[in-house]
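Every number in this text was worked out from the coordinates using simple rules, so none of it is lab data. Quick caveat, the model's predicted, so the values are computed rather than measured. Please note: Cβ atoms are built from the backbone with ideal geometry, for glycine as well, and neighbour counts cover all protein chains shown.
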Amino acid sequence: MLPKKIEEALNKQIRIEAESSQIYLSMACWAEVQGFEGVAQFMYAHSDEERMHMLKLVKFINERGGHARISDLTAPPTEFGSFKDMFQTLFDHEVMVSQSINDLVHITLEERDYATHNFLQWYVSEQIEEEALARTILDKINLIGDDKGGLYLFDNDVKQLVGKAAEKPQ
Ligand code: OFO
């Protein structure tokens, strides 16, 4: 049985994952209308991943006798300034998600809910990867600056990352 406190905390995380999915979907649209196909593909794929993170939580809560609650969401921005700003936003967002997962893990220890603690380890590893990926992309874009040719190559580069992410076990 899922302790009430854990159920509530996991439901908050459902909302965070759903909002992450919406933010990356909005980033995909912003990149796509500017003709940056690689970045758009990367963001569409990332948005799908976040939805999968959300669904994993939904199933876990319901299977353990809780009730996953689907709530309203805060609308994401629709403009992101520059690619550098956008990837900085992505990185900062992932750092916030990692903090939220850490807080959740902490609550499971307080409540002695070792099943949920074990379940959350997948998210802990996932966040290490996501932060590392966002950092790599940010480093690249900081090197390029506003150089148009560089951004074109960057867009192609990011496309390769979509294929690699698809090979990852879920
Ligand atoms: Fe990108 O974060 Fe989900 O967990």
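Take the eigenvalues of the Cα gyration tensor for the range 1-105, scale each by 5, and report the square roots as semi-axes in whole Å, largest first.
Details: eigenvalues 172, 35, 21 Å².
Those come to 29, 13, 10 Å.
For the chain, take the longest principal axis of its alpha carbons; what is the angle in degrees between that and the long axis of helix 114-144, to the nearest 10 within 0 to 90?
Taking the Cα atoms of the chain, the angle to 114-144 is about 10 degrees.
Given +1 on the Cβ of Lys and Arg, -1 on the Cβ of Asp and Glu, and no further charges, what dipole in debye does the chain carry about its Cα centre, rounded to the nearest 20? Please list the in-between numbers first.
Details: 17 positive and 29 negative charges, 95 e Å.
Using only the charged Cβ atoms, the result is roughly 460 debye.
Taking amide H positions as placed 1.01 Å from N in the peptide plane, with prolines and chain starts having none, which residues 5 or more places from ALA68, or on another chain, fall under 5 Å of its amide H?
ASN62
Just list whichever of LYS59/LYS159; LYS59/LYS84; LYS84/LYS159; LYS5/LYS56 have alpha carbons separated by over 26 Å in the model shown.
Values: LYS59/LYS159 31 Å; LYS59/LYS84 36 Å; LYS84/LYS159 17 Å; LYS5/LYS56 19 Å.
With Cα atoms farther than 26 Å apart: LYS59/LYS159; LYS59/LYS84.
Within the range 48-145, report the GluC sites (Glu not before Pro) that DSSP leaves as loop and that have at most 13 other Cβ atoms within 10 Å. Let's see the in-between values first.
Values: sites: GLU49, GLU50, GLU63, GLU79, GLU94, GLU110, GLU111, GLU126, GLU129, GLU130, GLU131; in loops: GLU79, GLU111.
Sparse-neighbourhood loop GluC sites (Glu not before Pro): GLU79.
Can you tell me what the convex hull of the Cα atoms of the range 35-170 projects to on average, as an area in nm²? Could you put the intermediate results ahead of the total?
Details: hull surface 36.8 nm².
Result: 9.2 nm².
Angle between the Cα long axis of helix 4-33 and the longest principal axis of the chain, 0 to 90 degrees, nearest 10?
For 4-33 against the chain, the angle is about 10 degrees.
Among SER21, SER82, SER100, which one shows the biggest mean-square fluctuation in a GNM of the chain, springs joining Cα atoms closer than 10 Å?
Highest fluctuation of the listed residues: SER82.
Go through LEU151, GLN127, GLY38 and say which Cα lies farthest out towards the positive end of the charge dipole of the chain; charges sit on Cβ, +1 for Lys and Arg, -1 for Asp and Glu.
GLN127
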